[in-house]
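Before any comments, here is the structure.
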Amino acid sequence: MKRRFLLVMVLLMMVFTLSFSQGQREPQDLKVFISVDMEGVAGVVNWEEVSRNGKDYDYFREIMTKETNEAIRGALAAGATEIVVRDSHGSGRNILPELLHERAKLLRDWSGGHLSMMEGIDKTFDAVIFIGYHAKAGTPDSPLAHTMSSANITDVSINGVSLPEAGINGLIAGCFDVPVVFLSGGRAICNQAKGLFGEVETVAVKEGIGNANLNLHPAAAREKIFEGVKKALENRKKYKPYKLKAPYKLELTLKNKELVSKAASYPGAQRTGEWELTYTGNDMMDIIKAFHGMH
Ligand SMILES: [Zn+2]
């Protein structure tokens, strides 16, 4: 009898400890999620520089890592207690783990799931930060502008709002009630993000001129990213999670014939034109899944 009592007590203590180490938060906790793309880091202007086999890729992945570090330092200066970095470009294996600030955890490669560039986010996070982001497909004066897949997608919009990757990823964060507080990248995506989110701190590390870029020095970009992230997180109360009003209508314009037929076979998808498809629903995460399944 006594032994059984002891066993029950030990089990209860284990459950108690587990529930505390998992779901529970201390009031001073500040969890920050950083999604990092590569096209929008300082200096980058050409696909070769962001492709694994490109000549200058290794040089620019170091700049990408260093910009991420400034975001981490800014977050820590604002009191961040936990930081997850999601490597969101290409292979998902660009950021150099050893060079990354030791206080952050790094999520690499793709699970195949619909959270994609936001893999790893959940309701326990307080703020989202985008580093190295780029403008949506078709944006003028914005080298490397594209949305998810430059070969496949002309435009994606939800409820008539044409979205860059930052918009789609902002909506994913919104499903978990987490606001996007900061974005760095080219001038064009900074403007697009402000147009979508309203309140968001941005740092333009470069400005497009046709297919050329006028860049800040990487060190100057890093300084601005540190200050911007710190400022955004210190004022985080003023940022609201990005949401649209249900019901939702996804409109997808593709540019790959094979993909149009494949996308049309996604359950619930409607083909509405030669390149156009729609999908409607009342649950934003369902819309995100459809978008992921249709391209
Ligand atoms: Zn990218």
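Output yes when any residue across segment 76-85 is part of a helix (DSSP H, G or I), modelled with pLDDT of 95 or more and within 26 Å of Lys136 (Cα to Cα), and no when none is. For segment 76-85, residues part of a helix (DSSP H, G or I), modelled with pLDDT of 95 or more and within 26 Å of Lys136 (Cα to Cα): absent. Pull up segment 116-134, narrow it to residues that are within 16 Å of the ligand (Cβ to nearest atom) and assigned to a loop (DSSP other than H, G, I, E, B), then point me to the one that is surrounded by the fewest Cβ atoms within 10 Å (Cβ to Cβ). Top of the filtered list is Glu119.
Take the residues in segment 135-148 that are under 23 Å from Ile34 (Cβ atoms) and within 13 Å of the ligand (Cβ to nearest atom), then tell me which one is surrounded by the fewest Cβ atoms within 10 Å (Cβ to Cβ). Per the criteria, the residue is Met148.
Does Arg108 fit the bill of being away from the ligand (no atom under 16 Å from the Cβ) and in contact (Cβ under 8 Å) with a residue 12 or more places away in the chain? No; evaluated as a whole, the condition is false for this residue.
For segment 70-85, the set of residues classified as farther than 21 Å from Pro218 by Cα and within 19 Å of the chain's Cα centre (by Cα) consists of Ala80, Glu82, Ile83, Val84, listed by residue number. Scanning segment 40-59 for residues that are surrounded by 24 or more Cβ atoms within 10 Å (Cβ to Cβ) and part of a helix (DSSP H, G or I) turns up just one, Val50.
Checking each residue in segment 236-295 for being in a helix (DSSP H, G or I), basic (Lys, Arg) and surrounded by fewer than 14 Cβ atoms within 10 Å (Cβ to Cβ) picks out Lys237, Lys238, Lys257. Before we move on, is Ala104 modelled with pLDDT of 95 or more and crowded, with 18+ Cβ neighbours inside 10 Å? Yes; evaluated as a whole, the condition is true for this residue. Within the set Asn215, Asn169, the sole residue that is of a type in the set (S, T, N, Q), under 12 Å from the mean Cα position of the chain (by Cα) and either more than 15 Å from Ala145 (Cα to Cα) or within 16 Å of the ligand (Cβ to nearest atom) (or both) turns out to be Asn169. Do we find a residue being under 22 Å from Val44 (Cα atoms), within 12 Å of the ligand (Cβ to nearest atom) and buried (at least 21 other Cβ atoms within 10 Å of the Cβ) anywhere in segment 149-162? No.
Sort through Ser149, Ser184 and tell me the only one that's assigned to a strand (DSSP E or B), within 16 Å of the chain's Cα centre (by Cα) and either more than 14 Å from Ala232 (Cα to Cα) or at pLDDT 95 or above (or both).
Values: Ser149 fails: assigned to a strand (DSSP E or B).
Only one candidate passes the filter, namely Ser184.
Being without any contact (Cβ under 8 Å) to a residue 24 or more places away in the chain and not acidic (Asp, Glu) narrows it down to one residue among Pro97, Pro143; which is it? Going through Pro97, Pro143 in turn, the sole match is Pro97.
No other residue among Glu119, Glu70 is charged (D, E, K, R) and more than 21 Å from Cys175 (Cα to Cα) apart from Glu70. Please verify whether segment 48-57 includes one or more residues that are away from the ligand (no atom under 16 Å from the Cβ), closer than 17 Å to Ile121 by Cβ and of a type outside the set (Phe, Trp, Tyr). The answer is no, given that none of the residues of segment 48-57 is away from the ligand (no atom under 16 Å from the Cβ), closer than 17 Å to Ile121 by Cβ and of a type outside the set (Phe, Trp, Tyr).
The values are calculated or read from the model by the stated rules, or taken from the named source; none is laboratory data. What you are looking at is a predicted structure, and each value in this text was computed from that prediction instead of being measured. Glycine gets a Cβ as well: all are built from the backbone with ideal geometry, and neighbour counts include every protein chain shown.
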